[in-house]
1. Restricting the range 283-301 to residues that are in a loop (DSSP other than H, G, I, E, B) and surrounded by fewer than 20 Cβ atoms within 10 Å (Cβ to Cβ), which is farthest from the chain's Cα centre (by Cα)?
2. Return yes when I72 is outside any strand (DSSP E or B), touching a residue at least 12 places away in the same chain (Cβ under 8 Å) and of a type in the set (V, I, T) and no when it is not.
3. Among (1) within 16 Å of the ligand (Cβ to nearest atom); (2) surrounded by fewer than 20 Cβ atoms within 10 Å (Cβ to Cβ), which single condition is R65 missing?
4. I'd like to verify a number: residues in the range 91-121 that are assigned to a loop (DSSP other than H, G, I, E, B) and more than 10 Å from the ligand (Cβ to nearest atom), how many?
5. Taking the condition of being more than 10 Å from the ligand (Cβ to nearest atom) and closer than 15 Å to F169 by Cβ, how many residues in the range 192-202 meet it?
6. Take A349 and tell me if it is touching a strand residue (DSSP E or B) at 6+ places or on another chain (Cβ under 8 Å), without any contact (Cβ under 8 Å) to a residue 60 or more places away in the chain, more than 21 Å from L25 (Cα to Cα) and in a helix (DSSP H, G or I).
7. Quick check on this structure: which one of E358, E342 is in contact with a Leu (Cβ under 9 Å, 6 or more places away or on another chain), farther than 18 Å from V311 by Cα and modelled with pLDDT of 95 or more?
8. Name the single residue that is nearest to C187 (Cα to Cα) among those in the range 106-140 being of a type in the set (S, T, N, Q) and out of contact with any helix residue (DSSP H, G or I) (no Cβ under 9 Å at 6 or more places or on another chain).
Amino acid sequence: MNLETVSRMEQKLLVPTYDRQPMLLERGNGVYVWDSTGKKYLDFLSGLGVNALGHNHPAIQKVIRKQAAKLIHTCNIFYHEYQAELAARLTKMSGLDRAFFSNSGTEAWDGALKLARAFAQMEAKSGRPKTRILAMENSFHGRTYGAMSTTGQKKYRDPFAPMVPGVKFVKFNDIDDLEKKFDSTVCAVCIETIQGEGGIQPVAREFLERARRLTGKSSALLILDEIQCGLGRTGKHFAYQHYGVLPDMVTVAKPLAAGLPLGAILATERVAACMKPGLHGTTFGGGPLACAVAIEFLRQEEKLLKHVVEVGKYFEDALEALDAKHSSIQDVRGAGLMRAVELDSADLAKAVLVRTREAGIIINRTHEKVLRFLPPFIIQKKHIDLLVKELDRALSAGMAATESITKIAQVSAQKTRANLGHIRAHKNAAAKPKAGLITAPAAAVLPRTSKAQPAETKEKEEEYAYA
Ligand code: PLP
């Protein structure tokens, strides 16, 4: 079947949840993927951060073949040989004590929220348990109800209201707001160490440290979501290891089983003690095939960390040079191989995306005007050069187009002039951090101070009363 046939059938047959790029992908190898016309693409997105080892890694293929011939599924009523070994590796890497395996990121996150409430009940004994959860504005934790309810963006929540009760949102990296909203009724503070979907926004060191101190003092939990930024993407096993802060729980998923569905909650012994058999579970999660592959992924990840740091720095320098050249770039930020370029208009970002695709490079756009790069860990400097050269071309072409539009706009509608004025004003405003808002990076490897702040969510503080 060709692209036209598949897309026509999908339009008729699928629940319309995706706005796909016009590419029918057929095969991959390393950092490349090919579509049905034979066109080759350099993959700077790796299936939204999943294919961290690139496509068809020989060691992964070998494990899949071997394990698929032995045992694919058991369900969690029985033992198989890989969950314990995988848990041993993940707990050693993370500094935490116990693991629970799920199928996806959102399930891992929902499970972590359940553990937080169960832990609070255990701690309260017969008293009134803490139930409130503080989550961050501009965050993203997934599509199930717990994850959605703690996602700090109205567009993901409102169509599905009402949400899980007891969640309040804190302005990301705003210590005053955190302190104002934190009290003895809070059972958990939830943070993505680097907000991914939110435009690659790292948590500030002071903010994370304060969250750790507040939760530690009141027996509340600090839960970090490293589904996108964890497992080697920043050059360390976990992004929180750049900060020297240990959470009570962390969630991981995306690259864990190199393309097979697998997520995990990692928790301290103290937190895990709130669970007993039957309280939480899954039919598929942590099956032998996915776990065997994940063990191999972690072996490979360990070997690639140094490379991620080195090419990550090269990538950072290249993007900074691009920033110096193009006034349409508002900000470049990120860590390791998780990077973003924020442009001054959504139209330009859209144009850059199309142009890079035509040139045979896959990237992604988030928050309208942020170009996001999540390449496989095996990417090399020469691939980064190719991407940056293409971005340079696309931005130059895009700027020329934007300038001509601006000229037309200047002699046409008043409304159009006002909009362009807003874009310029935004750039000026973004250069000045708001009082009380921490923008400083966590450590040398983490991004420089952001020029732009997370996009204003414009949402009012929101709390759903605990029923
Ligand atoms: N948390 C973060 C930080 C994510 O980036 C994502 C997915 O993009 C999720 C949770 C949800 O993961 P999944 O799509 O595997 O359910």
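1. Taking the candidates together, the pick is T283.
2. When the stated conditions are applied, I72 passes them.
3. Every condition holds for R65 apart from (1).
4. So the answer is 3.
5. 1
6. Yes; evaluated as a whole, the condition is true for this residue.
7. Checking each option against the conditions leaves just E342.
8. Q121
The values are calculated or read from the model by the stated rules, or taken from the named source; none is laboratory data. Because the structure is a prediction, the values reported are computed rather than measured. So basically every Cβ, Gly included, is an ideal-geometry build from the backbone, and we count neighbours across all protein chains shown.
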